[in-house]
Amino acid sequence: MASKPDGIEVSVSHTADELEKHIAKRDLAEFLHESLKPFDDPVEEILDGLDYSLSEEPGRGGFVLLAEEEGEPVGSVVMLRTGMKGYIPENVLLYVAVRPDMRGRGVGGRIIRRALEEAEGDVKLHVEYDNPAKRLYERIGFVSKYAEMRYEK
């Protein structure tokens, strides 16, 4: 973990053991849950995403990027490896969250760019049309290629 001039340190974890050196998985899930509001992903679903990203099982994995200031989380990215290529990109950016009082200070852009450097291959994400972060994603270079449709049972 390298110190930055603004006091924010960024670490990347590929396993649960690596993450636990910085933050407990449940604490990170709760941080994500609170920081993602008004989008209300339940803590248990966030934990499932963290388990997938930190898995060492074949066909799973990814990484978690954590930004901290004075040992407290201020932002995080959860990236999943898809095991695919082409139509389905190699990676899904599952969560990007910045603590509300830290928004507008460049933390989101910084951790997304760092995550894109860390990811091997292309990256996709889902974003609500009315999410203010959509403009940030577009400035970084994400483009809207497809409309997502779902059939829910």
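Brief remarks follow.
- Helical contribution to [θ] at 222 nm, DSSP H n ≥ 4, -39,500 (n - 2.57), averaged over the chain, rounded to 500: -9000 deg cm²/dmol
- With all pairs of separate Cα atoms included, region 60-153 yields a Kirkwood hydrodynamic radius of 14.2 Å.
- Alpha-carbon centroids, region 117-153 and region 1-54: separation in whole Å: 20 Å
- Note on the chain: GNM, Cα springs under 10 Å; of Asp17, Asp130, Asp51, the largest mean-square fluctuation is that of Asp130.
- Shape of region 8-131, Cα gyration tensor, a/c cut at 1.5: rounded
- Rounded to the nearest 20 debye, the dipole size of the chain about its Cα centre is 760 debye, using +1 on the Cβ of Lys and Arg and -1 on the Cβ of Asp and Glu.
- Tally of Lys pairs whose C-alpha atoms are under 23 Å apart, taken over the chain, 8 or more apart or cross-chain: 9
- Our summary gives the chain a relative contact order of 18 percent, counting only alpha carbon pairs under 8 angstrom and 6 or more residues apart.
- Total formal charge among the other residues, if their Cβ is under 12 angstrom from that of Ala133, Lys/Arg +1 and Asp/Glu -1: +1
- Derived scalar couplings between HN and Hα for region 100-106 equal x, 6, 9, 5, x, 10, x Hz in order, rounded to whole Hz, by the Karplus curve 6.51 cos²θ - 1.76 cosθ + 1.60 (θ = phi - 60°), x for Gly and Pro.
None of the figures in this text is laboratory data; all of them are computed from the coordinates on show. On a predicted model such as this, the values are computed, not experimentally measured, just so you know. Every residue, glycine among them, receives a Cβ derived from its backbone with ideal geometry; neighbour counts consider all protein chains shown.
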